[in-house]
Every structure is written in C-alpha cells, then in structure tokens.
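Right, one structure below, let's go through it.
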C-alpha cells in the first residue's frame, strides 16, 4: 500500500505469474484489500479509481490498482460524486458487468502464435496452451 496524502492510498495487486490473466479477480482482490484496510482502521472506503492492465501475453503480468480514500464515518466526502482521473477507466467499487475488450483478428493471430511458440518451447503444457487459447478465442470478435 502506498500512502498518497490527504487520507488517500493506492494498492496494486499483481498476478503471480503470466498465466493468471483474470483482471476481474485482481480488481476484486484490490477492492477487498482496500476495504480491509479501512475496516482495520475504523474508516469507510471511498473508491477514487480502480484500473487494470492486461498486457500482451509474455510481456508482463496482469494487475489491478485501486486508489481510495479512508474516511471517517459520516464524512461528507463519502457521498460526493467521484471525479474521474485522467489516463484510464474508473470503476466505482467492483463493476457489476465489466466491459470486455475484444481482440482484432491481427491481435488474435499474434497472441495465438506467441502461445504456440511457448508450447513448442515447453514453457506451456498442451493443457495450458488449450486453456489460454480458449480464453483468447472468447475475446475475439
């Protein structure tokens, strides 16, 4: 957790490996960590932003980052509307229905080639390859 001043904090939850690509789970973990911090300190959670990144397979780990305020119960700021930060999507708490980004045909082809290369090199098992391929195909147009 990183204190940002003015009762504002940031928590980044990163996948443990490159195969963990479920940013919904990471967003939920970040939100739960923020809620837990607030509960431990007798504060109430106000989410400022909840963003995530799903990098191209093999080029980094997926992560979610929450920026939040830990406010005293009854603080008027708890009911104030959030102001979106520049540079990324903003979710209020955990989104009910996350918007899924669909891969273009070129992106899909590129990702499948990368997965196949990892399988051929023995980095991915056939089962892992099939599981990742299924995820990619579910995000295609």
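So the values come out like this:
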item: For 66, 11, 123, order by how many other beta-carbon atoms lie within 10 Å, fewest first; result: 123, 11, 66
item: Residues 56, 51, sorted so that the one with the fewest Cβ neighbours within 10 Å comes first; result: 56, 51
item: Debye-sum result for segment 100-141 in log10 I(q)/I(0), which assumes one identical scatterer on each alpha carbon, at q = 0.22, 0.23 Å⁻¹; result: -0.66, -0.70
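Values in this text are rule-based calculations from the coordinates and carry no lab data. All figures in this text were calculated on a predicted structure; none of them were measured in a lab. Methodologically, a virtual Cβ is constructed for each residue, glycine included, from the backbone with ideal geometry; neighbour enumeration extends over all protein chains shown.
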